[in-house]
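The values are calculated or read from the model by the stated rules, or taken from the named source; none is laboratory data. Every value quoted in this text rests on a predicted model; they were computed, and no experiment measured them. Glycine also receives a Cβ, built like all others from the backbone with ideal geometry; neighbour counts cover every protein chain displayed.
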Amino acid sequence: CPLIGRGSEAAAHFDAALVLEEGASATPLAVRTRYWRARSCELAPAERAAQLEQVVDAATDLGMWALAASARVAPTG
């Protein structure tokens, strides 16, 4: 795992970033943060897949084509 056993600590930082980004209406930043949060080792495969699908939808809506493509091919297991 790339988080070297610190997955819950990383998840807390991602969640804090999401609160700030969503509060500032920084939707593109929030979508990117959701992508990296979904890649967290702390998520069950089904939850990770569902979150990545949400990222694909939001990134596509925003025209963030590279992020949408990355979310489509991100590991879900």
Kindly provide the set of residues from region 51-71 that are under 13 Å from the mean Cα position of the chain (by Cα) and β-branched (Val, Ile, Thr), ordered by number. Val55, Val56
Pair list, Cβ < 9 Å and 6+ apart or interchain, from region 61-72 residues that are farther than 13 Å from Arg32 by Cβ to residues that are surrounded by 11 or more Cβ atoms within 10 Å (Cβ to Cβ) and among the aromatic types (Phe, Trp, Tyr): none
Arg37 - would you say it is modelled with pLDDT of 95 or more and under 10 Å from the mean Cα position of the chain (by Cα)? no
